[in-house]
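All of the numbers you see were taken from the coordinates with simple rules; none came from a lab. Just so it is clear, the model here is predicted, and its values are computed rather than measured. For neighbour counting, all protein chains shown are included, and Cβ atoms are generated from backbone atoms with ideal geometry for every residue, glycine included.
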Amino acid sequence: MTAPRTLQEAIVYFSDPDRAFDCAVKLRWPDGKVHCPRCSSESNYHIRSKTKSGKPRRLWLCRGCNRQFTIKVNTIFEDSALPMDKWMMAFWMLVNCKNGISSVEIHKSVGVTQKSAWFMLQRLRTALSNRSFGFTRKMGGPNTELEADETYIGGLTKNMHKDRKARLWKQGGMHGGKTAVQGIFDREARQVRAHVVPDVKRETLQNAVLSNVKYGSTVYTDDAVGYDLLHSRFVHDVVNHAETYVKGRVHTNSLENFWSLLKRGLRGTYVAVEPFHLTKYIDEQVFRFNNRATKDNPLNDSDRFTLAMSQVAGKRLTYADLTGKNESPRHVPTGTGETQQVPF
């Protein structure tokens, strides 16, 4: 059977546990050489066994470290009792639903509890994270145009009780109680980077641009004072949104489009997101946006799924890290259960 291209084909394809397992092996080790995730040795052999309930269990025995491992070890799937067909079905829907997919929908479609579905989605979002700000090469360059802008994520002020509205207004004016998010868009590469920022002060906003944009690039922003010193390192032009949104080539409409997609998913699909988890939801939308189908890059659903599955290795998220219980004085890391935090 050929690789799936649509949701219907994916459901049929992954309904066979053996086929789903073989597909996962191929996606994790594309060169066909299975190596130990602990010692990287390629000297191993495959073992077929069964659990006490009679279900098939596939694993390998490494001759290098003399330890057994499965396809889930050192991935976001590690220590999960759910079979790979459920994981891959949930991953397919997450990366290909334009406005995201809720844990309740995964609960009904895949056949797991809502709590398990929420944990699954958070682990899958960890795989989608590219840790863009300060962790990859810079964007732009001479003769390239970029946009920089920020937005606020939070409840609508008009829907709040007057007492709460007054209290939040004292904290931060019209944006009181909301979380600031900054983004940079490369018009040539058609790629976006976004992350949560602690504030919108000049130092915070301009340091993010300096860390992610090459010197000499052309950067377009609005007339916010946080960007007023960019002209020392970049070709900088601004548009005053109080007068117009487009001034020739000068605008931030591409980022406004991304903000619209992000907020549509947060308000329509996820309804309410805690600031503690917001970065993962931003990473999810960034992945879909940067891997959308365009004339120059005609990706389909299968391509996005394959790319997402190639990013599962080397990342781990435990429930203690996800819920913040690892910060409790009563939480004692076990060494092997300790996970790597995903930086903003």
Show me, bin by bin at 5 Å from 0, the whole-percent P(r) of the range 145-274 based on Cα pairs. 2, 10, 19, 21, 19, 14, 9, 5, 2, 0
What net charge is computed for the residues neighbouring Gln122, neighbours being all others with C-beta under 13 Å from the C-beta of Gln122, Lys and Arg scored +1, Asp and Glu -1? +2
In nm, give the distance between the simple-model label positions of Ile47 and Glu188, each being 7 Å from the Cα along the Cα-to-Cβ direction. 5.3 nm
For labels at Thr157 and Asp296 in the simple 7 Å Cα→Cβ model, what's the distance in nm? 3.9 nm
Based on the mean of other beta carbon atoms within 10 Å per residue, what is the order of 62-70, 87-95, 283-291, most packed first? 87-95, 283-291, 62-70
The chain: angle of helix 162-172 to the longest principal axis, Cα-based, in degrees nearest 10: 80 degrees
Within the range 145-274, the percent of DSSP beta bridges that are antiparallel, given to the nearest 5, stands at 65 percent
Using +1 at the C-beta of Lys and Arg and -1 at the C-beta of Asp and Glu, which of Thr157, Val238, Leu262 has the Cα lying farthest in the positive direction of the dipole of the range 145-274? Thr157
Computed label-point distance, nm, for sites Lys138 and Gln171 using a 7 Å Cα→Cβ extension: 3.6 nm
From the backbone phi of the range 12-20, what are the Karplus-calculated ³J(HN,Hα) couplings (6.51 cos²θ - 1.76 cosθ + 1.60, θ = phi - 60°) in whole Hz, Gly and Pro given as x? 5, 5, 7, 5, 8, x, 5, 5, 5
Could you work out how much longer the chain between Tyr215 and Cys39 gets when fully extended? Use 0.36 nm per residue separation minus the Cα distance between them, nm to one decimal. 59.3 nm
Long-range HN-HN contacts of Gln191 with modeled amide H, under 5 Å: Asp186
Can you list the aspartates and glutamates whose alpha carbon sits under 16 Å from that of Lys98, skipping same-chain ones fewer than 8 residues off? Asp283, Glu284, Asp301, Asp303
Considering only Leu317, Val273, Thr252, whose Cα is most displaced toward the positive end of the charge dipole of the chain, charges sitting on Cβ of Lys, Arg (+1) and Asp, Glu (-1)? Leu317
Which far-off residues, 5 or more places away or on another chain, put their amide H under 5 Å from the one on Thr75, with H placed in the peptide plane? Gly314
In the neighborhood of Met93, defined by Cβ-to-Cβ distances under 15 Å, what is the net charge if each Lys or Arg adds +1 and each Asp or Glu adds -1? +3
Computed magnitude of the charge dipole of the chain (debye, nearest 20; Cβ of K, R +1, Cβ of D, E -1): 1180 debye
Please name which of Val12, Ile47, Asn96 has its Cα lying farthest along the dipole of the chain towards the positive end, using unit charges on Cβ (Lys, Arg +1; Asp, Glu -1) and the Cα centre as origin. Ile47
Taking H placed 1.01 Å from N in the peptide plane, check which residues at least 5 places from His241 or on another chain put their amide H under 5 Å from its amide H. Asp223
